[in-house]
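Accompanying notes for the structure given below.
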Amino acid sequence: MERDPRVCVMGEDVGHYGGSYKVTKGLAKRFGDLRVLDTPIAENSFTGMGIGAAMTGLRPVIEGMNMGFLLLAFNQISNNCGMLHYTSGGQFTIPVVIRGPGGVGRQLGAEHSQRLESYFQSIPGIQMVACSTPYNAKGLMKAAIRSENPVILFEHVLLYNLKERIPDEDYICNLEEAEMVRPGEHVTILTYSRMRYHVMQAAKTLVNKGYDPEVIDIRSLKPFDLHTIGNSVKKTHRVLIVEECMRTGGIGASLTAAITENFNDYLDAPIMCLSSQDVPTPYAGTLEEVNCGSACPDCNSC
């Protein structure tokens with residue numbers, strides 16, 4: 001926002017309250033109410049307003065207090081955000097970022113524990129990324145704001161307490177590039193967001209048993225980084241996908257199809273996918289554990 005006066009933020013409680021998870025803390029005092037706009041509880045309205053602002057030359061960052069609430073703005077995101085560049089014959093660009101927390105929390109109930117990546121993945125004309133560390137959260141956010149394309153940035157409600165030393169100098173992360181978390185030889189494990197921490201815990205157990213897993217944080221949910229993924233598959237010949245998204249029609253299903261279509265000849269075994277069950281996330285803690293897995297030991301945010 002200091003670098004580019006066109007960047008503005010809008011959403012519920014993003015201003016003087018600093019956001020429900022304090023992501024925008026201090027911005028209203030620093031940049032004023034016109035650039036950090038508190039909106040009514042009307043996702044369809046302020047999302048449409050942000051898309052219109054992008055059409056006129058601004059670079060809005062729209063916060064959904066919870067990704068589930070953005071279902072109320074699905075028409076604006078699909079029919080406008082994703083399509084206006086094309087339906088206008090290229091007369092408009094839509095440099096907008098739509099971001100917010102999603103995923104399974106800790107007994108937040110079904111409506112606040114949705115995994116909606118696959119809902120938005122089917123929309124033509126948008127990019128999607130999921131951050132998993134403070135470093136890539138900052139790098140992906142900066143890259144998304146500077147992109148001429150509409151970008152949806154998925155954050156996870158249980159990763160906000162993560163701490164990490166990050167560079168003071170300016171940097172960005174490639175919006176279409178996966179991150180090699182752990183090189184290995186025996187199996188390719190593809191994951192993203194909070195599941196990265198579950199996978200790294202499991203990888204320690206695998207290493208102790210003599211296996212050498214390769215772990216990739218795919219980060220870019222649309223498009224997939226098939227270059228990085230393909231090179232790994234050609235090396236290990238086995239793929240395991242670990243996600244929090246639903247099993248039917250989830251990110252893992254799309255990723256399985258892409259790998260099968262492009263690298264099937266390199267596979268020595270069927271692709272395995274560990275996903276959430278196709279049921280609403282229960283409120284009861286014990287049932288929630290069964291549905292989505294346990295807390296992440298590495299991040300202490302649960």
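Given R0 = 51 Å, the distance between the Cβ atoms of Tyr171 and Leu287 translates into a calculated FRET efficiency of 0.75. Modelled this way, with points 7 Å down the Cα-to-C-beta line, the labels at Gln201 and Lys142 are 3.2 nm from one another.
Put a plus charge on the Cβ of each Lys and Arg, a minus charge on the Cβ of each Asp and Glu, and nothing anywhere else: the dipole of the chain about its Cα centre is then about 440 debye. Its Cα gyration tensor gives segment 132-265 an equivalent ellipsoid; the semi-axes, largest first and in whole Å, are 24, 19, 14. Among the trypsin sites (Lys or Arg not before Pro) within segment 196-275, those in coil by DSSP and having at most 13 neighbouring Cβ atoms inside 10 Å are Lys209. With only the Cα atoms considered, segment 187-248 has a convex hull volume of 86 Å³ per residue. Diffusion of segment 1-87 by Stokes-Einstein, at 37 °C in a medium of 0.692 mPa s and with Rh set to the Kirkwood radius over alpha-carbon pairs, works out to 250 µm²/s.
With θ taken as phi - 60° and the Karplus curve 6.51 cos²θ - 1.76 cosθ + 1.60 applied, the whole-hertz 3J(HN,Hα) list for segment 167-176 is x, 6, 6, 5, 8, 9, 9, 5, 5, 10 Hz, x standing for glycine and proline. Per residue, segment 235-275 exposes 50 Å² of solvent-accessible protein surface, assessed with a 1.4 angstrom probe and all protein chains in place. Could you list the residues of segment 20-56 with an amide nitrogen less than 15 Å from a label point located 7 Å from the Cα of Ser88 in the Cα-to-C-beta direction? Answer for segment 20-56: 48-56.
What is the distance in Å between the Cα centres of segment 222-263 and segment 1-41? Segment 222-263 and segment 1-41 have Cα centres separated by 36 Å. Dipole of the chain computed with +1 at Lys/Arg Cβ and -1 at Asp/Glu Cβ about the Cα centre; of Val199, Pro60, Leu108, farthest Cα towards the positive end is Pro60.
Return the tail of the calculated pair distribution for the chain, meaning the percent of Cα-Cα pairs more than 29 Å apart. That fraction is 35 percent. Using a probe of 1.4 Å, the accessible surface attributed to Leu140 totals some 0 Å² when neighbouring protein chains are kept in position. Within the accessible surface of the chain, defined with a 1.4 Å probe on protein heavy atoms only, the carbon and sulfur portion equals 54 percent.
Computed from Cα atoms alone, the Kirkwood hydrodynamic radius reported for segment 134-192 is 13.5 Å.
Between Glu111, Glu243, Glu261, the residue with the greatest mean-square fluctuation in the GNM of the chain (Cα pairs under 10 Å linked by springs) is Glu261. Pairs Lys204/Lys234; Lys163/Lys222; Lys29/Lys138; Lys142/Lys209: which are spaced more than 31 Å apart, C-alpha to C-alpha? Lys142/Lys209, as the Cα separations exceed 31 Å there.
Once backbone amide H atoms are built at 1.01 Å from N, Val9 has Val36, Leu37, Val61 as its partners under 5 Å, excluding neighbours fewer than 5 places away on the same chain. For the chain, modelled as a GNM whose springs connect Cα atoms under 10 angstrom apart, the maximal fluctuation among Glu117, Glu12, Glu289 occurs at Glu289. Backbone N atoms of segment 189-209 closer than 13 Å to the 7 Å Cα→Cβ label point of Asp265 are not found in any residue. Estimated at the nearest 10 Å², the accessible area of Glu43 is 10 Å² with a 1.4 Å probe.
The values are calculated or read from the model by the stated rules, or taken from the named source; none is laboratory data. Here the structure is a predicted model, which is why all the values come from computation and not from measurement. Neighbour counts run over all protein chains shown; Cβ positions are idealised from the backbone, glycine included. Heavy atoms of the whole protein, side chains included, go into the accessibility calculation; ligands, DNA and RNA do not. Shrake-Rupley method; radii C 1.70, N 1.55, O 1.52, S 1.80 Å.
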